[in-house]
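Q: Here's a structure for you.
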Amino acid sequence: MKKLVALFMFFCALPVVANAYIDREIAAVRVMNKAAGKVYNINIPVGNSAQFEKINITVRACKQSDPFDAEDYFAFLEISTATDGMVFSNWMSRNEPGVRPLQNADYDVWLVDCKNKE
């Protein structure tokens, strides 16, 4: 009986786990050139790259948290330079930009939003 109840609870919770995040089509990132002290906003479609000065930013995924939870956005970014190669490859969160920041002497990059094409 316990196994049956556990199995039932597992299958009831499965749709909730499967819909935990909503895929979005565009990642809005903000890049700061530390030397110039200027901030730029860039919209990059998922699966595409954008060249900004010395860095290349590739967006692999952009997701929004479940609307019934606290709103947050997550993007998997790959950031490279011509001289150093890959300098960042990880998930970045909008609500916690200091958890996995880009560690680069010239630029700061953080996620602003994940959205769909309008």
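What follows is calculated from the coordinates using simple rules that are stated; it is not laboratory data. Values in this document were obtained by computation on a predicted structure and should not be read as measured data. For neighbour counting, all protein chains shown are included, and Cβ atoms are generated from backbone atoms with ideal geometry for every residue, glycine included.
Q: Restricting the search to the stretch 55-95, which residues are hydroxyl-bearing (S, T, Y) and either farther than 14 Å from A20 by Cβ or surrounded by fewer than 14 Cβ atoms within 10 Å (Cβ to Cβ) (or both)?
A: T58, S80, T81, T83, S89, S93
Q: Would the stretch 85-108 turn up any residue that is in contact (Cβ under 8 Å) with a residue 60 or more places away in the chain and not in a loop (DSSP other than H, G, I, E, B)?
A: yes
Q: Also, I was wondering about something else. May I ask you to list the residues in the stretch 66-99 that are of a type in the set (D, E, K, R) and either farther than 17 Å from C114 by Cβ or in contact with a Lys or Arg (Cβ under 7 Å, 6 or more places away or on another chain) (or both)?
A: D72, E78, D84
Q: Counting only residues that are in contact with a Ser or Thr (Cβ under 9 Å, 6 or more places away or on another chain) and of a type in the set (S, T, Y), which one in the stretch 78-106 is nearest to E25 (Cα to Cα)?
A: Among residues in the stretch 78-106 that are in contact with a Ser or Thr (Cβ under 9 Å, 6 or more places away or on another chain) and of a type in the set (S, T, Y), the one nearest to E25 (Cα to Cα) is S89.
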